[in-house]
Amino acid sequence: MYCPKCGSQMPADANFCMKCGTQLSEGAVPSAQKHQHWEYREFKKSLGGARVKIKYWPIGGFPDELAEPVEIAVRGLLNEIAKDGWEPAEPIAAASLWHANHLSAKNNVNRLTGSNLVTLSEVRLNCRRLV
């Protein structure tokens with residue numbers, strides 16, 4: 001048998017051309033694609049106990065004031081792990097991370113003034129890469 005693309009001679013039972021990689025039989029899957037799969041891992045980033053003053057904590061919601069420091073930390077973490085092929089496997093917006101219990105924070109309410117001081121401790125990201 002000969003490859004229809006490059007003309008190289010191949011064994012009669014070949015699925016792909018050994019020279020150019022052209023598929024020679026229906027349903028064949030290249031070995032490089034056959035073994036690829038997603039690897040999943042959770043990454044953690046300390047937020048160093050950052051404290052953020054918020055006006056109020058919305059019922060069932062997420063305070064807007066916390067979004068920026070969390071998203072800065074998430075971008076930093078993604079920059080660190082991207083060089084190894086990792087990417088987020090879930091939404092990375094601060095509110096999404098909060099609702100998925102991937103953000104550790106403690107709310108301290110001053111009973112005299114009613115103000116809230118939130119201490120951010122850690123963010124966790126579920127990531128994946130193709131291996």
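Some notes on this structure:
- Taking Lys and Arg as +1 and Asp and Glu as -1, the other residues whose beta-carbon sits under 12 Å from that of Ala94 total -3.
- Cα centroids of the range 41-70 and the range 6-23: 56 Å apart.
- For the range 1-120, the tally of Lys pairs with Cα-Cα distances below 17 Å comes to 6, considering only residues 8 or more apart or on different chains.
- Label positions at Glu39 and Ala100, each projected 7 Å from the Cα along the C-beta direction, are separated by 2.0 nm.
- Isolated cysteines of the chain, defined as having no other cysteine beta carbon under 4.7 Å away, are Cys127.
- Asn79-Val131 pseudo-label distance in nm [points 7 Å out on the Cα-to-Cβ vector]: 2.7
- Seen from every direction in turn and averaged, the convex hull around the alpha carbons of the range 31-106 projects onto 6.2 nm².
- Of all accessible heavy-atom area on the range 43-131, the percent that carbon and sulfur account for (1.4 Å): 51
- Computed extension gain for Asn108 through Thr22, at 0.36 nm per residue and net of the alpha carbon distance, reaches 24.6 nm.
- Seen against the Cα atoms of the chain and their longest principal axis, helix 67-82 is set at about 30 degrees.
- Computed helical MRE - 222 nm, the chain, DSSP H runs ≥ 4 contributing -39500 (n - 2.57), nearest 500: -5500 deg cm²/dmol
- Simple label model, 7 Å out from Cα along Cβ direction - Cys6 to Glu65, nm: 6.4
The values are calculated or read from the model by the stated rules, or taken from the named source; none is laboratory data. It should be emphasised that the depicted structure is a prediction, and the values quoted were computed from it without experimental measurement. Virtual Cβ from ideal backbone geometry, glycine too; neighbours counted across all protein chains shown. Surface areas here come from the heavy atoms of the whole protein model, side chains and all, with no ligands, DNA or RNA. Shrake-Rupley method; radii C 1.70, N 1.55, O 1.52, S 1.80 Å.
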